Structures are given as C-alpha cells and as structure tokens.
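Undergrad: Structure incoming, see below.
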Amino acid sequence: MEFEEEVLKQGVRESPQEGDEVYCKHISFKIVFFCTKDQNDNLIAGSQFSATKCVIGRGQINANIENALKLMKQGQRSVFKVFPNPANKKDQFYVHELEIIRYGGKANKPWQLDGQQRYVRALELKNEGNQSIKGQSYKDAQNLYSEGLKLIKSDYGEREQELQIQIRSNLSLTALKNKQYELCVEQASKVLEQNPRNIKLLHRRAVANIELGEFEQARNDLQQALHFDPNNVEIKTEIDQLVNKEKIIKKKQQDRAKKMLFGE
C-alpha cells in the first residue's frame, strides 16, 4: 500500500499519535465508500461532509483513512491517493479528501472531571470554537460551544460565570449564522439577564426576532440598544429597515400559509 498526499490547507501541532481522539471530516471519497464500525463491529456507511470522531489505533475507521490521519496535523486538509498496487499506479486507486478539525488525548466523560478540569476543558472548547468561527465553520463552532457549555456550572465561581457568558454569547452568534433563530434568542436572552446593556446581544436578538416574525420584540431591543448608544449607525440603520423587513417577512409567511392551504 502506498500514499500520495496533496496538502490543500496547512495545519498546526504534531500529527496525532496512538490513543489520540481525532475529530475529522471525510469530505469526499472516490472508488470506495468511507466506513466506520459501531460497538458491535458492524460497518456503518459515512457521508460526504460529515464529521466523525475516532481514536487512533482502535480500529474504528478504515485503515487507509487512519494511516492518512497519522500523517496530518490539526486544521490540515489534504487529498490522499491510496495505491493498493504500487507497482502499477495506473490500476485502481482510492482518493480520500480529509480534514482534521482537532485532536487530543482521549477525553474523560464530563461527570468524571472535577471542577478545574471541567473549566479547563470548556475553555479549550471555546477557543477551538473561536478558531472555527475564523474559518467560517459555524456548525463546527456551534457544536464546540454547546459541548463546552455543558461542562460549565455557574455556581463554581466568578470565572465559570464569565466563561459561561462568553460561550453563550458566541453560541448565539453561531445559531444566528446557522439560521437557528430560536436558539439565538434563547442564548442572547441568558446573557442579557446578566448584562442588559450589552448592545451587541440586543442587536443580535433583534435580528433573530425579525426572522421569527417577532417584530415588536425586535423593535424594543433595537430602541433599547439605541438608548445605550445613541450614535450607533448600525442600530439606526436596522431600525430604519425594520418596516420594510416586516412587510417582506409577513408576505413570505402569508405565501407559505396559502401553499399549505391550497397547494402550489
């Protein structure tokens, strides 16, 4: 078996080692289809652009993919050609496009971590989520923030409360980007309970409420934000555009209702 690698995006850190838990994307596969194994050792077909976790050395994924992952670094994206018959590369070969999102030592279950470990792990997940946002990988970032939020208990202390607020704020952003408007409103509201003068979160919640058709609530948030920052041009523009957005969204809602009642 022989590999040829084309690096599409450079990564950082060393390559994952035996026992490391790798969170990766199997983006495309030609010739054969990517498979993993479940707890009963049954094969499970993967899918393009799906993300999966595996532990190096546990036989949880196709051997070719595991060997390829061992050559990569965190954040790296590569195309691998796998030649079953190196003596004749014109014969059939496999093409895998892979990306390592992150990796690390096999994590303990959340309930096995003490307060300090939970805080450190949540902070790591927040920082990884921030990197995903920089790369505009909003779904990955949302998953990371959600995982981190589960680890934080605000009754631990001030630093935990502050980290919880930061994660909720970032989670509201990814929810908005992913068009999960209810989640955006929920997380922004929890932050605003602690800091009602947060203009960024007032604006974000207003935008989500506009998409949900909650125009009065959106208007209240925008007016509140403008009260705290009278010279904020972005808020003023949003208020000016609110009437037109309200008309457009109501029209879309009416059209959807008609289709449900009368069909196309």
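Undergrad: List, in order, the whole-Hz ³J(HN,Hα) value for each residue of the range 130-139 obtained from phi through the Karplus relation with A = 6.51, B = -1.76, C = 1.60 and θ = phi - 60°; use x for Gly and Pro.
TA: 4, 5, 5, 5, 4, x, 6, 9, 6, 5
Undergrad: In the calculated pair distance distribution of the range 198-256, what percentage of Cα-Cα distances lie above 19 Å?
TA: Values: 427 of 1711 pairs.
Everything past 19 Å amounts to 25 percent.
Undergrad: Here's something else I'd like to know. Hey, can you find the accessible area per residue of the range 159-238 for me, probe 1.4 Å, expressed in square angstrom? Can you show the working numbers first?
TA: Working: 4060 Å² over 80 residues.
Accessible area per residue, the range 159-238: 51 Å².
Undergrad: My understanding is that a pair violates if its Cα-Cα distance is over 18 Å; which of Lys25/Lys70; Lys200/Lys236; Lys53/Lys73; Lys179/Lys252; Lys179/Lys245; Lys25/Lys177 do that in this structure?
TA: Long pairs (Cα-Cα over 18 Å): Lys25/Lys177.
Undergrad: Once the cut-off is 21 Å, how many percent of the Cα-Cα pairs in the range 158-264 end up in the long-distance tail?
TA: Looking at the range 158-264, the distances longer than 21 Å represent 41 percent of pairs.
The values are calculated or read from the model by the stated rules, or taken from the named source; none is laboratory data. All figures in this text were calculated on a predicted structure; none of them were measured in a lab. For the accessible areas, the whole protein counts, side chains as well, though only heavy atoms, and no ligand, DNA or RNA atoms are used. Shrake-Rupley method; radii C 1.70, N 1.55, O 1.52, S 1.80 Å.
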